[in-house]
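Here's the structure we're looking at; comments come further down.
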Amino acid sequence: MLKLSFYYKAAARPAASLELTDFRVSGGTLGNPMGHGLIATYSDGAWIHHGVRYPILAVTGGGCLLFGVTRDPTTVSDPIDHYYFIGPTLSANGVAIAKYIEQQDMWHGIVRPMWWMAMRILSVPTVSAVVEDSQVLLLGPDIEDAFVKVNPGLSTSAMAVTCNRTRLSEVRICMSKDLQFRACEEIDRRGCRRDQVTMPPMRGG
């Protein structure tokens, strides 16, 4: 079970708490459609819950982060002890991993320079059932287009989709030493040539 706690400041007692097994982040909103509904919305440095502004949210109890482009299958993190939303910044086990950009209503990776809109945090026991149901049949070009759409400067020539029989294996993005997207024809030549692939959730560290 996850515990979502709201704080006025660090090192204080939580002002409010919820227990749940799954909650979702879509842009600047947090919710649980199966139970609590809309939980909080972000605005100008704080998360608003029941009309009260909280600068800090904590998620404890051990959970896995599922993230990616909306409607695309997800990448699943290893279990993480605690998450914090401190203003617009999301951290995992004390490491800042993403920042919410309010003007674009999207999240931007800090460790990896990627953009996405939706993510979920699930308690560890619920992950298996969720990811088994999330397999999706996709067209190869649709996968590339989804990445290009949310990453300015990225083109399909800088990507390569690889597959193993009927399943997607990985999406490779080529970058130069100065972290600029670059063409990678040598990798793309070995890319997937199937018209459709099944994209199961893939575990990532």
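How would you order 29-42, 101-114 from highest to lowest mean count of nearby Cβ atoms within 10 Å?
Details: 29-42: 15.6, 101-114: 14.1.
Listed from highest to lowest mean packing, they are 29-42, 101-114.
Of all lysines in the structure, those lying under 24 Å Cα to Cα from LYS9, and not within fewer than 8 positions of it along the same chain, are LYS99. How large is log10 of I(q)/I(0) for the range 2-132 at q = 0.23 Å⁻¹ when the intensity is taken from the Debye formula with one equal scatterer per alpha-carbon? For the requested q values the scattering log ratios are -1.73.
No value in this document is a laboratory result; all are computed from the given coordinates. Bear in mind the structure is a predicted one, so any value in this text is a computation, not a measurement. Glycine also receives a Cβ, built like all others from the backbone with ideal geometry; neighbour counts cover every protein chain displayed.
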